[in-house]
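The values are calculated or read from the model by the stated rules, or taken from the named source; none is laboratory data. Just so it is clear, the model here is predicted, and its values are computed rather than measured. Every residue, glycine among them, receives a Cβ derived from its backbone with ideal geometry; neighbour counts consider all protein chains shown.
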C-alpha cells in the first residue's frame with residue numbers, strides 16, 4: 001500500500017448543535033466504558049497496566065470515537081482493522097457475530113495486539129462496529145513473549161490471525177477460540193483476556209442501542225457522520241491558517257544486522273498546501289533483517305501521532321485522517337513492510353522514528369509548540385518456569401519503562417513519562433510483578449544525567465534493575481533501539497543516553513547485552529539493569545539559566561560533573577545532605593567561554609583517537625555522544641566508523657548549526 005487518502009462529502013452538519021454535542025460526548029463515554037470493563041475483567045497484568053485501546057466505528061469502519069486514555073499507536077490503526085473485517089466478510093456479517101484479528105499486514109500493529117470486532121445492528125441494519133484491542137503477553141512464536149529479534153519473517157513471531165469469526169449469530173465458537181489461545185504460552189490468561197475484550201465490545205453495543213432507542217436510528221447514524229465531519233472541518237481550518245511549504249528530516253534505526261554497521265534512515269517529508277497535509281516516506285531504507293520494521297498501518301499511525309501532538313485541542317477520529325495524504329513509498333521498506341517480513345518490534349523501531357521525525361517537522365511550522373525527540377518504548381521480557389514453592393508453571397515477566405520527553409519551547413521535557421507509543425500505559429506495580437513472577441526489582445529510580453542537555457532540558461529517564469529468584473529453563477529478550485541513534489535534541493540541544501541492558505550472571509561480571517537481543521539463557525541469581533533514555537534537549541545548553549542548572553543538581557536530575565561538562569555551570573557543593581549548593585558565577589563565565597571556543601573542535605577530532613581515550617578511561621559514554629559525536633559498540637569499545645559519520649552529520653544539523661559562534665557571542 002503506497003498511498004493512503006480519504007475524502008468526505010462537503011455537506012453541512014445535519015443535526016442541531018445541542019443534539020450533536022450530546023451524542024458526541026455519549027460516543028466518548030461508550031468507549032471509556034469499554035475501557036473500564038476491560039480493566040475490571042482482564043486476566044493479564046499487561047492489559048491491566050493499560051496496554052489496550054477501544055474504538056467505536058461507523059458501519060463503513062471509520063473511527064467515530066476513541067478512548068480518552070488509549071494507546072497512540074493503536075488508535076491510528078483501528079479503522080483499518082474494522083475495514084479489514086468488512087472486506088473479508090462483505091455481506092456475511094450478521095447480528096450476534098464477533099470477529100478476531102491481529103494481522104499487521106492488514107493495517108494492524110503487531111501480532112501481540114489482538115483485536116476483537118463486534119458489528120452492531122439496530123434491527124436488521126448494520127449501524128457500526130465496536131472494537132477492543134489488547135496486547136496479549138504471548139501470542140506464540142519462538143521465544144516467550146513473542147519478541148524474537150532473530151526473526152526475519154513473521155513465522156517466528158507468533159500466530160497470525162486474519163479476520164476470523166469467533167462468534168456466529170450469538171453462538172460462541174469455542175473450538176475456534178480454543179485454537180487461538182492454545183497457540184500461546186499462557187492459554188488460560190489469553191482466554192480470559194479474549195472474553196474480557198468480547199464483553200467490552202458488548203457493552204458498547206448495549207450503550208449504542210440505548211442511544212438508538214432514545215434518539216432514533218437515523219439520528220445516531222447522522223451523528224456518527226457529523227462528528228467526523230466536524231473534526232475534518234476544524235482540522236482543515238487550522239491547517240489553512242498555516243504557511244504552505246515543504247519540510248524534510250531523517251531519523252534512524254541503529255543498524256541492519258544483514259548489512260555493514262551504519263544507521264538505517266527513516267525519511268519523512270511533509271508538505272502543507274492549502275488545507276491539506278501530505279507526507280512522503282519514500283526516502284526510507286529497505287526493510288531490515290530483524291523485527292523493527294513497520295507495516296503501512298503502524299507508519300500511518302506514527303504520522304497521525306506526530307501530527308495530532310501539535311493540534312491537542314482537536315478531537316481524533318477518521319475526520320482527522322481525511323485531511324492527510326500519505327505516500328509510504330515502495331513496498332518492502334522499513335516503513336512499508338509486507339508479508340512475511342518480521343514486524344513485531346516496530347514499536348521500538350520504525351514507529352518511534354516516524355513519530356519523532358514528525359515532531360521535528362512540526363516544530364519548524366509551529367515553533368511555539370516545538371519539542372525535541374522523546375524516548376522510545378522498550379520491552380524487557382523474561383520467560384520460563386517458575387520454581388518458587390516447588391512449582392513448575394510457565395511465567396512471563398513482561399516489563400516496559402517510562403522515560404523522558406523532549407525539551408519544549410519554554411519548558412523542560414516531562415520526566416519519567418510513558419513513551420509516545422502509549423502515554424496511557426501505566427507503570428506496572430512492582431509488588432504485582434513480584435507476586436506473579438520470580439523476578440525481584442532491586443532499583444527503580446530517576447536516572448541522573450539522562451535528560452538531553454539544552455536551554456530547555458529533556459526530561460529524565462529512569463533506571464530499573466532486578467534479580468531472578470526461583471527460575472528454570474528461562475530466557476531473556478529485549479526489544480529496543482537507540483543505543484546508537486541516540487534520542488536527539490533540536491535547535492542546538494544535545495542527545496540523551498544510549499539504551500541497553502547490562503546482565504550480571506550470579507557471581508560473574510556485568511556484560512553489556514545491547515539494545516536488542518532475544519532468547520538469552522538466564523538463571524537463578526542473575527541480575528540485570530537498564531536505563532530508559534531521557535528526552536533530547538531544545539536550544540543550546542550554554543544558554544540555560546545557571547539557576548535552572550542549580551535546581552537540576554539539587555533535584556539530582558543533573559550531576560555536579562555534568563553540570564560543568566554539558567552546561568558550563570560550575571556548581572559548588574556546600575552540604576549535599578541539606579541540598580545546599582551554589583553557583584560559581586565567575587567560574588561559570590570562564591567555563592562557558594572555554595566550551596564555546598573548543599566544542600567545534602571536539603566534533604572533528606579523530607574518532608579513533610577519541611575511542612582510544614574512552615577505552616583508557618579518560619572519557620565517558622556521555623562525553624562521546626554529546627561532546628565528541630562518536631559512537632562505539634558499547635560492549636566491546638569498537639569504533640563504529642560509518643555510524644559515527646552519520647551521527648556527527650545529525651549533530652551538525654540539529655545542534656551545531658544552531659549554536660552561536662564565539663565571535664558572534666562576543667559581539
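Things to note:
- Of all residues making up segment 119-140, the number that are buried (at least 24 other Cβ atoms within 10 Å of the Cβ) and within 27 Å of the chain's Cα centre (by Cα): 11
- Within segment 549-568, the set of residues being part of a helix (DSSP H, G or I) and in contact (Cβ under 8 Å) with a residue 24 or more places away in the chain comprises 549, 550, 552, 553, 554, 562, 564, 565, 566, 567.
- Residue 554 meets all of the listed conditions (1) surrounded by fewer than 23 Cβ atoms within 10 Å (Cβ to Cβ); (2) within 20 Å of residue 370 (Cβ to Cβ) but one, namely (2).
- Residue match in segment 295-314 (condition: free of Cβ contacts under 8 Å to residues at least 12 places away in the same chain and either in the same structural domain as residue 128 (by TED's automatic domain parsing) or over 26 Å from residue 154 (Cβ atoms) (or both)): yes
- Matching residues, segment 590-630, being within 30 Å of the chain's Cα centre (by Cα), part of a loop (DSSP other than H, G, I, E, B) and under 15 Å from residue 651 (Cβ atoms): 629, 630
- Every residue from segment 270-306 that is out of contact with any helix residue (DSSP H, G or I) (no Cβ under 8 Å at 6 or more places or on another chain) and surrounded by fewer than 24 Cβ atoms within 10 Å (Cβ to Cβ): 271, 273, 278, 280, 282, 283, 285, 286, 289
- Restricting 120, 166, 139 to those that are touching a strand residue (DSSP E or B) at 6+ places or on another chain (Cβ under 9 Å) and free of Cβ contacts under 8 Å to residues at least 60 places away in the same chain reduces the list to 139.
- Sole exception among (1) outside any loop (DSSP other than H, G, I, E, B); (2) crowded, with 24+ Cβ neighbours inside 10 Å for residue 481, by number: (1)
- Scan of segment 246-261 for residues that are touching a residue at least 40 places away in the same chain (Cβ under 8 Å) and either crowded, with 18+ Cβ neighbours inside 10 Å or in a strand (DSSP E or B) (or both), ordered by number: 247, 248, 249, 250, 251, 252, 253, 254, 255, 261
- Taken together, 406, 383, 352, 319 contain a single residue that is touching a strand residue (DSSP E or B) at 6+ places or on another chain (Cβ under 7 Å), crowded, with 24+ Cβ neighbours inside 10 Å and either part of a helix (DSSP H, G or I) or at pLDDT below 95 (or both), which is 383.
- Leading residue by the ranking (farthest from residue 516 (Cα to Cα)) among those in segment 592-631 that are buried (at least 21 other Cβ atoms within 10 Å of the Cβ) and touching a strand residue (DSSP E or B) at 6+ places or on another chain (Cβ under 6 Å): 607
- Some residue of segment 428-435 being assigned to a strand (DSSP E or B) and in contact (Cβ under 8 Å) with a residue 12 or more places away in the chain: no
- Just one residue in the set 587, 508 is more than 33 Å from the chain's Cα centre (by Cα), farther than 20 Å from residue 622 by Cα and in the same structural domain as residue 480 (by TED's automatic domain parsing); that residue is 508.
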